[in-house]
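The values are calculated or read from the model by the stated rules, or taken from the named source; none is laboratory data. Please read these numbers as outputs of a predicted model, since none were measured by experiment. Here the Cβ positions follow ideal geometry from the backbone for every residue, glycine too, while neighbour counts run over all protein chains shown.
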Amino acid sequence: MKGIHGFENVLGFQREERAIRRDFNMAKKIGSVRYGKYYLFYPGIRKWMYIAYEDIVWAYRWLEEIKGRWGRTNGVQIHFLMLVTKDKRKLGVPVGEEKNVVTGLSLLKDHSGGYIDIGYAKDKEEIYL
């Protein structure tokens, strides 16, 4: 995206920027999110935010309805890719359309080798949060 320069780790960890940039350049772009070999990237305010797949334990789809000025729903819905980390932090990454979140979850499953739990269930909240 134009105007976004640099990278910042969501969890505050320092990583080698050359390796981050290489993974970013090779990443597959789905909507505004990029799925690299080792990291997931999404646009922040002034930097690309990234998180290592190894730091994610649970991922699921979340649909949020946007309320208008008077508290009424106006029919606009946003799909989020929800990520829960090892240290029980919950991150919501807006992905736009439903197909973007479905593709994203599929890519997370492929990249994780099975260690990221995919899909929402109420009992998983007790385990991961």
Those residues of the stretch 72-119 which are among the aromatic types (Phe, Trp, Tyr) and under 15 Å from VAL57 (Cα atoms), in sequence order: TYR115
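Are any residues in the stretch 20-36 out of contact with any strand residue (DSSP E or B) (no Cβ under 7 Å at 6 or more places or on another chain), in contact (Cβ under 8 Å) with a residue 12 or more places away in the chain and over 20 Å from LEU91 (Cα atoms), and if so, which ones?
Passing the criteria: only ARG21.
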Filter pass, ILE116 being among the β-branched types (Val, Ile, Thr) and either under 20 Å from ASN9 (Cβ atoms) or touching an Asp or Glu at 6+ places or on another chain (Cβ under 6 Å) (or both): yes
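Taking the stated definitions as given, is VAL57 at pLDDT 95 or above and either touching a Lys or Arg at 6+ places or on another chain (Cβ under 6 Å) or hydroxyl-bearing (Ser, Thr, Tyr) (or both)?
Numbers: at pLDDT 95 or above: yes; either touching a Lys or Arg at 6+ places or on another chain (Cβ under 6 Å) or hydroxyl-bearing (Ser, Thr, Tyr) (or both): yes.
Criteria met by VAL57.
TRP62 - would you say it is among the aromatic types (Phe, Trp, Tyr) and under 18 Å from GLY113 (Cβ atoms)?
Details: among the aromatic types (Phe, Trp, Tyr): yes; under 18 Å from GLY113 (Cβ atoms): no.
Spelling it out, it is not the case that TRP62 is among the aromatic types (Phe, Trp, Tyr) and under 18 Å from GLY113 (Cβ atoms).
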Residue list for the stretch 77-106, restricted to those being in contact (Cβ under 8 Å) with a residue 40 or more places away in the chain and surrounded by fewer than 13 Cβ atoms within 10 Å (Cβ to Cβ): ASP87, LYS88
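Let's see how each residue does on (1) aliphatic (A, V, I, L, M); (2) under 21 Å from ASP23 (Cβ atoms); (3) touching a His at 6+ places or on another chain (Cβ under 8 Å); (4) surrounded by 11 or more Cβ atoms within 10 Å (Cβ to Cβ):
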| position | (1), (2), (3), (4) |
| --- | --- |
| LYS37 | no, yes, yes, yes |
| PRO43 | no, yes, no, yes |
| LYS47 | no, yes, yes, yes |
| GLY68 | no, no, no, no |
| GLY75 | no, no, no, no |
| LEU108 | yes, yes, no, yes |
| TYR120 | no, no, no, yes |
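Can you pull out the residues in the stretch 23-35 that are surrounded by fewer than 18 Cβ atoms within 10 Å (Cβ to Cβ) and more than 13 Å from VAL101 (Cα to Cα)? Spell out the reasoning first.
Step one: of the stretch 23-35, the residues surrounded by fewer than 18 Cβ atoms within 10 Å (Cβ to Cβ) are 24-26, 28-29, 32.
Correct list: PHE24, ASN25, MET26, LYS28.
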